[in-house]
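In what follows, a structure is listed as structure tokens, so that the remarks can point back to it.
Just so you know, all these numbers are worked out from the coordinates, no wet-lab data involved. Since we're looking at a predicted model, the values are computed, not measured. Reconstructed Cβ throughout: ideal geometry from the backbone, glycine too, with neighbour counts over all protein chains shown.
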Amino acid sequence: MKKEHQLILLPLFAACCYGMSVDLSRLTGRLGKIYADKRGGAGNPCDREDMPFPCQSSDECIPLKYVCDQSPDCKDGYDENPDLCKAKDRPAFNDLVLFLTKEKWLMSSIFAGKSLASVAHGLTVSQDVDDFASRTGLDQKHTGMLNAALKAAKTGRMKPLIDMGMPQSSSSENTVKYVFGKLLDTGFY
Ligand SMILES: [Ca+2]
């Protein structure tokens, strides 16, 4: 992959989490999955280096710079899909799975009863908390907890998070602040 494409793909499909270095092979794997999901095959069907992004319901391929530039370039408009464009600024799905695995207290408190994959996917693509609650079926009580947790991270007062089970360690606090900060910066709360 050309270096210029790597530079564009980094912000588009991944965000580095809690000090992990960005692993391009992992990104490529993720792209492969996205492409496979989209067209039912394996790998990226767009083999021209200057037009590597596949539209969803046609054989069109477009340059990455046209993805999420607020102007539809694919006939089906997939390049401006709200989920896709939200995900480009969010931590990557795989990074969120690692985060939720490490911060188990989140899964047993706020996201109790939900699957790791559905929470990670919801956090990646949802426009905001209400959209997330609707996608994942989070009930009112737990949606309230999620709002309270995001508010706590926003104000920097971590007590509500500790009450929800967050370990009192700088490692957990920094990790949660980083990931929640990414959500706050992208309109999730
Ligand atoms: Ca576009």
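A few comments on the model shown:
- For the stretch 66-71, Karplus couplings with θ = phi - 60° (6.51, -1.76, 1.60), whole Hz, Gly/Pro x: 8, 7, 6, 9, 6, 9
- Centroid-to-centroid, using Cα positions, the stretch 107-122 and the stretch 77-101 are 15 Å apart.
- Distant-in-sequence amide H partners of Phe53 (H built 1.01 Å from N, under 5 Å): Ile62, Leu64
- Packing order of peptides 127-134, 174-181, 91-98, highest average first: 91-98, 174-181, 127-134 (average count of other Cβ atoms within 10 Å over each peptide's residues).
- Global form of the stretch 93-185, assessed from the alpha-carbon gyration tensor, a/c cut-off 1.5: rounded
- Extension gain, Leu184 back to Ala148 (0.36 nm per residue minus Cα-Cα distance, nm): 11.7 nm
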